[in-house]
1. If I model a spin label at residue 229 and residue 302 as a point 7 Å from the Cα along the Cα→Cβ vector, what separation in nanometres do I get?
2. Normalising by the residue count of the stretch 67-183, find the relative contact order in percent from Cα pairs under 8 Å and 6+ residues apart.
3. HN-Hα J couplings of the stretch 309-323 from phi, Karplus 6.51/-1.76/1.60, θ = phi - 60°, integer Hz, Gly and Pro as x?
4. Setting aside same-chain residues fewer than 8 positions from residue 202, which lysines have a Cα under 18 Å from its Cα?
5. Show which lysines lie in cross-link reach of residue 292 when reach means a straight Cα distance below 30 angstrom and same-chain residues fewer than eight apart are skipped.
6. What is the antiparallel percent of DSSP beta bridges lying wholly in the chain, to the nearest 5?
7. Placing unit charges on C-beta atoms (Lys and Arg positive, Asp and Glu negative, everything else neutral), compute the dipole magnitude of the chain about its Cα centre in debye, rounded to 20.
8. Considering only 249, 295, 201, give the residue with the highest GNM mean-square fluctuation for the chain, with springs between Cα atoms whenever their separation is below 10 Å.
Amino acid sequence: MKLPLVVPPLIALALAAPALADEVNVYSLRQPELIQPLLDSFTAETGIAVNIAFVDKGMVERLVAEGSRSPADLVLTVDIARLAQVVEAGVTQPVTSAVLEANIPAEFRDPGKQWFGLTSRARIVYASRERVADGEVTTYEDLADPKWQGRICTRPGTHDYNLGLMAAMILHHGEAAARDWAAGLKANLAKKPEGSDRAQVKSIWAGECDISLGNTYYMGEMLADPEQAEWAGSVRIVYPAFEDGGTHVNVSGVAMTKAAPNRAAALKLMEFLSSDEAQEIYAGLNHEFPVKPGVARSDLVESWGAFRPDTVNLMELAGRRPAALRLMEEVNFDG
Ligand code: FE
């Protein structure tokens with residue numbers, strides 16, 4: 001299997017620099033253009049070429065099918081559920097690195113060392129600037145209150161992002177209360193859950209609903225798009241919290257494949273991605289939060305204000321995903 005080759009900027013120096021024979025192959029669910037500038041600076045610093053293949057769907061199936069012949073060294077993906085799926089499929093290997101353990105706080109990496117978080121994002125409320133007062137949205141639990149009837153939009157409840165939030169609801173309040181919450185939220189929807197997080201903000205802009213659930217970074221993505229900037233301008237970010245916790249956060253992360261043909265070079269790239277320099281650029285490009293403490297958020301992300309992240313454990317969150325899916329189906333959330 002040949003990866004689409006991205007020619008590193010230093011390729012012209014290949015004859016003079018034998019280290020360029022080193023390479024890393026990355027399967028990425030993240031858009032290559034978002035990470036290319038970062039990979040270019042890694043190559044410039046280390047002489048290691050990075051070949052990136054954008055794998056939108058079927059990441060796990062592909063790695064399983066390729067088995068020990070997989071050319072992939074690293075997997076970059078988003079959401080703890082998807083990181084957990086790659087690990088559960090048995091196609092990753094543990095990575096022991098003092099650098100990774102120093103840079104990435106324990107809550108953002110697998111105790112079994114199979115995956116490492118690189119950025120975090122919060123699942124928040126987009127609220128109409130015109131129709132929602134300051135302080136009107138406070139908790140996730142409150143979204144099931146009948147006062148919101150006909151005012152809420154969201155993407156499907158069975159999408160990984162909402163299953164993560166639902167899994168957190170289960171961890172805070174138990175399955176019965178979480179099911180009631182999902183039923184109450186569904187009863188408050190202005191329309192059938194369809195489309196992306198950004199499509200819900202468009203609905204607020206169009207006057208179809210007043211608040212929506214969405215991930216923080218989509219504000220940055222909308223502002224960067226001439227058409228969507230208008231949607232973004234109609235809302236503000238509100239960080240709800242759980243009644244007994246904080247704001248729901250999830251991660252993007254990296255794992256090393258079991259097959260990794262270029263293990264040493266792959267480890268260097270993982271460590272680079274956790275460095276101050278890379279953390280600031282990587283999080284900034286994606287409008288996310290760096291996981292390494294002390295690394296600055298971008299000015300835009302900073303402008304969204306401070307929040308207290310929820311303290312539920314990401315591994316436990318992944319463990320509750322099956323229950324979250326079952327309960328969403330029981331209340332026919334997407335029906
Ligand atoms: Fe997303």
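1. So the two model labels end up 2.2 nm from each other.
2. Working: 45 pairs, mean separation 23.2, N = 117.
So the answer I get is 20 percent.
3. Karplus values, whole Hz, x for Gly and Pro: x, 5, 9, 4, 7, 4, 5, 5, 4, 4, x, 8, 4, x, 5.
4. 191, 192
5. Qualifying lysines at Cα under 30 Å: 57, 113, 258, 268.
6. Numbers: 25 of 39 bridges.
Given both bridge residues lie in the chain, the antiparallel proportion sits at roughly 65 percent.
7. On the way: 31 positive and 45 negative charges, 131 e Å.
Dipole of the chain, to the nearest 20 debye: 640 debye.
8. Result: 295 has the largest fluctuation of those listed.
The values are calculated or read from the model by the stated rules, or taken from the named source; none is laboratory data. Here the structure is a predicted model, which means the values were calculated and not measured. Because the Cβ atoms are built from the backbone with ideal geometry, glycine has one as well, and the counts that use them run over all protein chains shown. Ligands, DNA and RNA are excluded from the accessible area calculation, which covers all protein heavy atoms including side chains. Shrake-Rupley method; radii C 1.70, N 1.55, O 1.52, S 1.80 Å.
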